[in-house]
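The values are calculated or read from the model by the stated rules, or taken from the named source; none is laboratory data. Computed from a prediction, not measured in an experiment: that's the story for all the values here. No Cβ is skipped: glycine too gets one built from the backbone with ideal geometry, and neighbour counts run over all protein chains shown.
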Amino acid sequence: MDRIRIVGGNELHGVIPISGAKNAALPLMIASLLTDDTLTLENVPHLADVEQLIRILGNHGADISVNGRRERQGESYARTVHFTSRNIVSTTAPYELVSKMRASFWVIGPLLAREGKARVSLPGGCAIGTRPVDLFIEGLAALGANIEIDGGYVNATAPAGGLIGARYVFPKVSVGATHVLMMAATLANGTTVLGNAAREPEVVDLAKCLNAMGAKISGQGTSTVTIEGVRSLSGARHRVLPDRIETGTYAMAVAMAGGDVILEDTEASLLNTALEAIRRAGAEISETNNGIRIVRNGAGIKPVDIVTDPFPGFPTDLQAQFMGLMTRSSGISHITETIFENRFMHVQELARLGAKISLSGQTAKVEGVSRLKGAPVMATDLRASVSLVIAGLAAEGETMVSRVYHLDRGFERLEEKLTRCGAHVERVSD
Ligand code: UD1
């Protein structure tokens, strides 16, 4: 199994290209099941989760081809992928496939809308909380679906004439349930109004793509999304938006290690709250034509309190990385997690590097230390794993991160991107 070896102490200088967003690419790929025409997605990141979803879509009958490599500095970072689901050959998403990645559960929306039925295994994914699917079930039932849970599977059936537009207010903000309800409602009879919808940029990106396919969606990016059902959707060509989590992660890496880096092909507006927190921690951030420049020269890291929240709040997917940064601050910071109940597994691994963190309920108190020391650590989930890399960049000596497959689910060529900027990071295959 691969491990990542980091020797801390180097500043970062250079350019880091930001990939297309994993969390946008996944729902966009799933949306291809809504049409028998070809959906072409540009800027698709090359990640384990994307490959896994390609297998899942193939199981439903999608024909998938990859081309149009965009060369950058001799390497290709982005791919153009064509998805054509002429016929849906199976409306079942089996446990073996769905258990590996929670987002694959989302195929339930398009399958139900297009074929009138879906049998989808209850999901797996990162072990960061119980992550139930009650909102999906309640929402699809509001559109007229009959839903039963049996033997670990959700069996959903649409009424004879198809799903029926309805008004549904989410009792809690959910990115995935908003994606699924929005996709399902595109082919429903009549108009659907979703209240308390997620406002994440990835929801907006999906709505934009669905509209390019002929859907009639408005209000995306606000908490009320309206979807007028249409009879069918066509193909389209869509470019996946930049990964705001990858952007924030590298911005925090520079804030941690010091240096001067341009994050290319990304947009500050996707992560204002996180960038503001990094600024308050002592880094200078400015916008360039095509991205963001981040500089920390000499100044120490200041303590900053954060609370995770749905967009436009501080993203839960950057919480672990920010905690990594705060381990070296000059004082005490408080980090409160409000989205997932078990998303502090990185705390004990950061402690192995010398961090001083105590937990009280959903809040971590981080007492900054003047030095971290490299140690063997274990990645526990996707975002937690990269917080260990960030801490390792500032730790003395060698940090060896095991269970790197978590990282490979969501970060494209991480070691290469950091090495190009002067970090000492390498992948070690046993
Ligand atoms: C998505 C992101 C993930 C991010 C999360 C929150 C993808 C592929 N994943 O996950 O990286 O951390 O948004 O920004 O885009 N919930 C319920 N019932 C449900 C559904 C969700 O109680 O039926 C709860 C969850 O347990 C969690 C909260 O709602 O506490 C938010 O989860 P949700 O927004 O649905 O996360 P995902 O869409 O799974």
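Remarks
- Residue among Val377, Val366, Val304 that alone is farther than 28 Å from Arg5 by Cβ and among the β-branched types (Val, Ile, Thr): Val304
- Condition broken by Leu353, with the remaining ones in (1) modelled with pLDDT under 95; (2) in contact with a helix residue (DSSP H, G or I) (Cβ under 6 Å, 6 or more places away or on another chain) satisfied: (1)
- Exactly one residue among Ile301, Ile292 is over 21 Å from the mean Cα position of the chain (by Cα) and buried (at least 23 other Cβ atoms within 10 Å of the Cβ), and that residue is Ile301.
- Verdict on Leu140 being part of a helix (DSSP H, G or I), under 26 Å from the mean Cα position of the chain (by Cα) and buried (at least 17 other Cβ atoms within 10 Å of the Cβ): yes
- For beta carbons closer than 8 Å, sequence separation of 6+ or different chains, a first residue in the stretch 190-205 that is within 12 Å of Val240 (Cα to Cα) and a second that is among the aromatic types (Phe, Trp, Tyr) and crowded, with 20+ Cβ neighbours inside 10 Å, the qualifying pairs are Pro201/Phe311.
- Pairs where the first residue, in the stretch 314-341, is without any contact (Cβ under 8 Å) to a residue 24 or more places away in the chain and the second is within 11 Å of the ligand (Cβ to nearest atom) and in a strand (DSSP E or B), C-beta under 7 Å, 6+ apart: none
- Put simply, of Gly151, Gly162, Gly176 the only residue that is at positive phi and touching a helix residue (DSSP H, G or I) at 6+ places or on another chain (Cβ under 9 Å) is Gly162.
- Taking the criterion of being in a helix (DSSP H, G or I) and either over 19 Å from the mean Cα position of the chain (by Cα) or modelled with pLDDT under 95 (or both), the residues of the stretch 164-194 that qualify are Ala184, Ala185, Thr186.
- Filtered by the rule that a residue be of a type outside the set (A, V, I, L, M) and within 14 Å of the ligand (Cβ to nearest atom), the stretch 131-171 gives Arg131, Pro132, Asp134, Phe136, Glu138, Gly139, Tyr168, Phe170, Pro171.
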